[in-house]
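The values are calculated or read from the model by the stated rules, or taken from the named source; none is laboratory data. No experiment lies behind these values; they were computed from the predicted model shown. Here Cβ is always computed from backbone atoms with ideal geometry, including for glycine, and neighbour counts include all displayed protein chains. Keep in mind that these areas ignore ligands, DNA and RNA; they rest on the heavy atoms of the full protein, side chains included. Shrake-Rupley method; radii C 1.70, N 1.55, O 1.52, S 1.80 Å.
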Amino acid sequence: MSTTSTAVIVGVGPGLGMSMARRFGSEGYRVALVSRNGARHEGYLKDLAAQDIDATAYAADVTDRDRLKAVLAEIAGDGDIELAYYGTGPALQPVPITETDAATAQSAFEWVWPAIDMVHEVLPAMLTRGSGALLFAGGLSSIRPMPMLGQLALPSAAIRNYAITLNAALADRGVYAGTLTIGGLIERGDIHAMVSADPGRFGSPEGRTLNPDDLAATAWDMYRSRDRAEAVFDLFGG
């Protein structure tokens with residue numbers, strides 16, 4: 001790894017995204033944070049600086065395809081992107097799967113296209129170097145029927161299939177791809193905060209939470225060992 005190798009965290013938030021940033025940053029990578037909420041970036045950068053992690057932040061709504069591509073190009077201009085992690089999701093309310101029409105499903109897939117854009121931007125340089133990694137985070141509905149998530153299960157399955165298929169396609173080309181399939185509330189994340197603030201509506205989160213530092217540690221192990229395409233975290237009895 002060169003001293004300018006970068007780990008890009010797309011869709012960074014206070015839970016898993018920041019844990020990924022801390023983990024890869026602690027291993028010597030420069031970190032580039034990307035999210036639509038630029039107001040949070042100052043706090044994120046202070047957190048990382050306190051741990052002697054070199055980091056920058058970029059405001060971009062991933063559904064703005066031109067902006068996302070421009071940000072990734074700017075990051076790459078400052079040094080090789082060794083890791084690109086996609087951890088964002090759709091900000092949509094579930095529609096019952098029995099009531100989902102094509103337009104509703106199509107809107108949910110707006111979560112998928114930025115992942116493909118990310119890969120399309122960073123993969124050619126990785127293949128030229130013969131090194132790099134693509135990591136994704138998705139939901140348990142990609143492998144377990146969860147009707148309560150309605151149309152949101154569809155893009156989750158697509159992201160998982162994309163990651164696993166990339167893993168197979170890139171196996172002999174020096175680039176790794178893998179996915180974290182997550183069934184549980186990620187501590188410190190926005191959804192965890194929402195659920196914890198209204199237990200009367202959502203129930204107690206006790207017994208349903210995952211430590212994002214543990215997830216990031218698994219992601220690091222997958223990146224280093226490259227011996228599997230997927231790690232599943234299932235608190236729902238799988």
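Key figures
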read-out: Within a Gaussian network of the chain (alpha carbon springs, distance under 10 Å), most fluctuating of 173, 160, 36; value: 173
read-out: Rounded percent of accessible protein surface that carbon and sulfur make up, the chain, 1.4 Å probe; value: 52 percent
read-out: Debye, to nearest 20: dipole size of the chain, +1 on Lys, Arg Cβ, -1 on Asp, Glu Cβ; value: 220 debye
read-out: Cα shape, the range 1-93, gyration tensor, a/c 1.5 rule; value: oblate
read-out: Separation of the residue 224 and residue 64 label points, Cα + 7 Å toward Cβ, nm; value: 3.8 nm
read-out: Full-stretch length increase - residue 46, residue 74 - with 0.36 nm per residue and alpha-carbon distance subtracted; value: 7.9 nm
read-out: Estimated FRET transfer efficiency (residue 148, residue 102; beta-carbon r; R0 22 Å; 0.05); value: 0.60
read-out: The chain, helix-only ellipticity at 222 nm - DSSP H runs n ≥ 4, -39,500 (n - 2.57), divided by all residues, nearest 500; value: -13000 deg cm²/dmol
read-out: Accessible area expressed per residue, the range 6-233, with surrounding protein chains retained (probe 1.4 Å, Å²); value: 45 Å²
read-out: Separation of the residue 161 and residue 27 label points, Cα + 7 Å toward Cβ, nm; value: 2.9 nm
